[in-house]
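Structure first, then comments.
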Amino acid sequence: RVVDGKPQYQDNFVTLANRAGFQSWWFSNQGQIGEYDTAIASIAKRADEVQFLKSGDFEADKNTKDDALLKMTAQVFATQRTQPQLIVLHLMGSHPQACDRTGGKYAEFVQSKETSCYLYTMTQTDELLSQLYNQLRNAGESFSMVYFSDHGLAFKERGKAVQYLAHDDKFQQNFQVPFMVISSDDKTHRIIKARRSANDFLSFFSQWTGISTKEIVNSYPFVSSKKAPPVYVTNFKLQKVEYAHLGTDIFATKSR
């Protein structure tokens, strides 16, 4: 939660779930310490049970794999529980450098080796989500699973043999992320194209879990086609920028 432009790390979705009687778990393949890790780790460590595959920052122990987190979730599902459960998996996913994530493996060469590995990381994440979904189904309880990325990427050294993707804040694609909800009682597959902002994530979390608190104002139904207020992003200088004012960084998938 942000108050007067400052993040209030103590007011987050984990502490909200804890207060509502959920048992919370955080399983991470990202870092515990470092310039880009400490803030998220401070939220993670408010969960009832926390396990990190890495001992240092997100670049430490590069060979840890996201699918190792499934051993942790399997242990949770092995025991019947009376409390509702909140389980967070913090993945490395497609994070640069992508060939570190895949062990240099890719399915098809597209533009550069690193770009090819990047595309293959999505296949790996898709398989992980499939395995997690099967774990949830086999547990025999009602469930809902949400997947999203925390940021997009931008091309660097574009068109060159060393082309790769990395963090940036100049393009709309840097803030476009997949977001999906899969639940045990789903009857239909819907694709919603209404624009949404991560600034409203706590509102989504409140509506998704049924947890309400006076600090969270639900101004529109998040999972719907209803129009939301204009989306702004926070750039690397911590300035608010209207999403519509950003440029575009299109990925044209021409194989060589």
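The values are calculated or read from the model by the stated rules, or taken from the named source; none is laboratory data. Quick caveat, the model's predicted, so the values are computed rather than measured. Note that each Cβ is placed from the backbone with ideal geometry, even for glycine, and that neighbours are counted across all protein chains shown. These area figures cover heavy atoms from the full protein model, side chains too; ligands, DNA and RNA do not enter into them. Shrake-Rupley method; radii C 1.70, N 1.55, O 1.52, S 1.80 Å.
At a glance:
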read-out: Matching residues in the stretch 213-243 - criterion: being open to solvent by 100 Å² or more (accessible area, probe 1.4 Å) and under 27 Å from Leu86 (Cβ atoms); value: Lys214, Val217, Lys226
read-out: Test: residue in the stretch 105-114 that is part of a helix (DSSP H, G or I) and either open to solvent by less than 60 Å² (accessible area, probe 1.4 Å) or modelled with pLDDT of 95 or more (or both); value: yes
read-out: Failed condition for Asp168, given (1) modelled with pLDDT of 95 or more; (2) surrounded by fewer than 18 Cβ atoms within 10 Å (Cβ to Cβ); (3) assigned to a loop (DSSP other than H, G, I, E, B); value: (2)
read-out: Test result for Ser112, within 15 Å of Val162 (Cβ to Cβ), out of contact with any His (no Cβ under 6 Å at 6 or more places or on another chain) and not aliphatic (A, V, I, L, M); value: yes
read-out: Given (1) open to solvent by 70 Å² or more (accessible area, probe 1.4 Å); (2) within 27 Å of Ile211 (Cβ to Cβ); (3) among the hydroxyl-bearing types (Ser, Thr, Tyr), index of the condition Thr123 fails; value: (2)
read-out: The stretch 68-104: number of residues that are in contact (Cβ under 8 Å) with a residue 12 or more places away in the chain, aliphatic (A, V, I, L, M) and part of a loop (DSSP other than H, G, I, E, B); value: 2
read-out: Residue match in the stretch 59-67 (condition: assigned to a helix (DSSP H, G or I) and either modelled with pLDDT of 95 or more or hydrophobic (A, V, I, L, M, F, W, C) (or both)); value: yes
read-out: Selected residue (only one of Gln131, Gln135, Gln51 is at pLDDT below 95 and outside any loop (DSSP other than H, G, I, E, B)); value: Gln51
read-out: Only listed residue being in a loop (DSSP other than H, G, I, E, B) and in contact with a strand residue (DSSP E or B) (Cβ under 9 Å, 6 or more places away or on another chain), chosen from Val217, Val223, Val181; value: Val223
read-out: Test: His151 is open to solvent by 60 Å² or more (accessible area, probe 1.4 Å) and either among the aromatic types (Phe, Trp, Tyr) or without any contact (Cβ under 8 Å) to a residue 60 or more places away in the chain (or both); value: no
read-out: Residue match in the stretch 77-97 (condition: at pLDDT 90 or above, basic (Lys, Arg) and over 23 Å from Leu165 (Cα atoms)); value: yes
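The rows are residues; the columns are (1) hydroxyl-bearing (Ser, Thr, Tyr); (2) touching a Ser or Thr at 6+ places or on another chain (Cβ under 8 Å); (3) modelled with pLDDT under 95; (4) under 16 Å from Phe251 (Cα atoms).
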{"position": "Tyr164", "(1), (2), (3), (4)": "yes, yes, no, yes"}
{"position": "Val181", "(1), (2), (3), (4)": "no, yes, no, no"}
{"position": "Ile191", "(1), (2), (3), (4)": "no, no, no, no"}
{"position": "Asn199", "(1), (2), (3), (4)": "no, no, yes, no"}
{"position": "Trp208", "(1), (2), (3), (4)": "no, yes, no, no"}
{"position": "Thr234", "(1), (2), (3), (4)": "yes, no, yes, no"}
